[in-house]
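Since the structure comes first, as structure tokens, the remarks are kept for the end.
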Amino acid sequence: MPLDIIAEVAKINAYYKEKRGAERYKALAYGEKGTGKTTLYATARFPVHLDCFDPGGSAVLADEIEKGLVVVDTRWETDDPTNPRVFVEWDREFHRRKKEGYFAQFATYGLDSITTFSQIIMNFVLKKQGHAGGIPQTGAGADNDYVHQMLYLENSIVGIFSLPCDIIVTAHPEADKDEASGNMFVGPMITGKAKIRIPLLFDEMYYLRVEDMKDETKWLLQTKPSKIFKASSRLARRGKFDKFEEPNIKALLKKAGLPCEDMPIPWLK
């Protein structure tokens, strides 16, 4: 039977439109302490659910938490490497909430930060491999603890991407050397090959920085790479963003022509 090219192209185009319509804003934002990583959630579409892994990191959101605009789960901030529990408990709670439709009530999901989250996963891996609190092993295949860590981390991020929310994940920065050129660069602090693979999963990767001007201090969000700092943006490549933008998620969404309105908040009615 000859191929019906018109029907085949129509089917492919319909799938493309359906997939595009279901896509969510997915951003990875990294920067030094004090550059506004966690504060970024106060500029996102409300309500925000934030899983906080950085000890004390949510303090800057006290006003939004008090108003009921941001809901922060801080149970994940401390873990005992010799008897880790956090990753298993977070994973169980995340999937329970997802199954029960909890996240459908939120406009934004946040994870603060993937740097500490990846360390908590390593704690879990070391325990599972029989050397809790020890040094990660770098053997071949299944004997490499970093391979296990990367798989759990990638699976967790893919699970988060399935939520019906905007996704904002933060990270701490780390200086590293490009193996090909030998040049130094700064990117998100994630261990092993995950530091290359995880950013590829995100549509947006921003570097947050603070510049002291003559009369003011300016907070900036970098959307395009420079000689030292890694950044990327599919929206910027389409001409939607400048290289440096105000660190305001709603303003970025509006500029990109994406939904930027808050959702109704049931617990505030």
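The values are calculated or read from the model by the stated rules, or taken from the named source; none is laboratory data. What you see is a predicted model; the values in this text were computed from it and never measured. In this analysis, Cβ positions are derived from the backbone assuming ideal geometry, glycine residues included, and neighbour counts consider all displayed protein chains. Calculation scope for accessible area: heavy atoms of the full protein, side chains included, ligands and nucleic acids excluded. Shrake-Rupley method; radii C 1.70, N 1.55, O 1.52, S 1.80 Å.
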key: Single condition residue 242 does not satisfy, out of (1) in contact with a Lys or Arg (Cβ under 7 Å, 6 or more places away or on another chain); (2) over 21 Å from residue 38 (Cα atoms); (3) open to solvent by 50 Å² or more (accessible area, probe 1.4 Å)   = (1)
key: Candidate set from region 185-209 (those that are open to solvent by less than 50 Å² (accessible area, probe 1.4 Å) and hydrophobic (A, V, I, L, M, F, W, C)); member that is farthest from residue 169 (Cα to Cα)   = 185
query = Among 168, 196, 190, which is the only one that is at negative phi and at pLDDT 95 or above?
reply = 168
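Would you point out the residue of region 1-31, among those that are small (Gly, Ala, Ser) and at pLDDT below 75, that is farthest from residue 109 (Cα to Cα)? Before you say what the answer is, go through the steps one by one.
At the first step, the residues of region 1-31 found to be small (Gly, Ala, Ser) are 7, 10, 14, 21-22, 27, 29, 31.
Narrowing further to those that are at pLDDT below 75: 21-22.
Numbers: 21: 19, 22: 16 Å.
Among them, the one singled out is 21.
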key: One residue from 229, 241 being modelled with pLDDT of 85 or more and farther than 14 Å from residue 173 by Cβ   = 241
query = Do you know which residues across region 167-203 are among the acidic types (Asp, Glu) and either more than 11 Å from the chain's Cα centre (by Cα) or part of a helix (DSSP H, G or I) (or both)?
reply = 174, 176, 178, 179
ask   = Can you tell which of 98, 128 is of a type in the set (Lys, Arg), open to solvent by 40 Å² or more (accessible area, probe 1.4 Å) and modelled with pLDDT under 95?
value = 128
key: Test: residue in region 218-234 that is in a helix (DSSP H, G or I), farther than 16 Å from residue 115 by Cβ and touching an Asp or Glu at 6+ places or on another chain (Cβ under 8 Å)   = yes
Count of region 137-166 residues which are part of a loop (DSSP other than H, G, I, E, B), open to solvent by less than 40 Å² (accessible area, probe 1.4 Å) and without any contact (Cβ under 8 Å) to a residue 24 or more places away in the chain = 1
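Just to confirm my filter: which helices (runs of 4 or more DSSP H) fall fully inside region 37-135 and include at least 2 residues that are under 18 Å from residue 163 (Cβ atoms)? Step through it out loud before you land on a result.
On the way: elements: 62-66, 86-99, 114-128.
In region 37-135, 86-99, 114-128 are the helices (runs of 4 or more DSSP H) which contain 2 or more residues that are under 18 Å from residue 163 (Cβ atoms).
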inquiry  = Exactly one condition in (1) open to solvent by less than 90 Å² (accessible area, probe 1.4 Å); (2) over 17 Å from residue 30 (Cβ atoms); (3) at pLDDT 90 or above; (4) part of a loop (DSSP other than H, G, I, E, B) is false for residue 247; which is it?
reply    = (2)
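Does residue 82 qualify as being open to solvent by 40 Å² or more (accessible area, probe 1.4 Å) and either within 27 Å of residue 230 (Cα to Cα) or modelled with pLDDT under 90 (or both)?
On the way: open to solvent by 40 Å² or more (accessible area, probe 1.4 Å): yes; either within 27 Å of residue 230 (Cα to Cα) or modelled with pLDDT under 90 (or both): no.
In short, no.
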message = Six or more apart or on different chains, Cβ atoms under 9 Å: show the pairs whose first residue is in region 63-82 and more than 12 Å from residue 267 (Cα to Cα) and whose second is of a type in the set (Lys, Arg) and surrounded by fewer than 17 Cβ atoms within 10 Å (Cβ to Cβ).
response = 79/85
ask   = Within the set of pairs 6+ apart or on separate chains, which have a first residue in region 48-59 that is over 14 Å from residue 169 (Cα atoms), a second that is modelled with pLDDT under 95, and C-beta atoms under 6 Å apart?
value = 55/77
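Given the residues 73, 112, 63, which is the only one that is of a type in the set (Asp, Glu) and open to solvent by 20 Å² or more (accessible area, probe 1.4 Å)? Talk me through it step by step, then tell me what you get.
Working: 73 fails: open to solvent by 20 Å² or more (accessible area, probe 1.4 Å); 112 fails: open to solvent by 20 Å² or more (accessible area, probe 1.4 Å).
Sole residue among the options that is of a type in the set (Asp, Glu) and open to solvent by 20 Å² or more (accessible area, probe 1.4 Å): 63.
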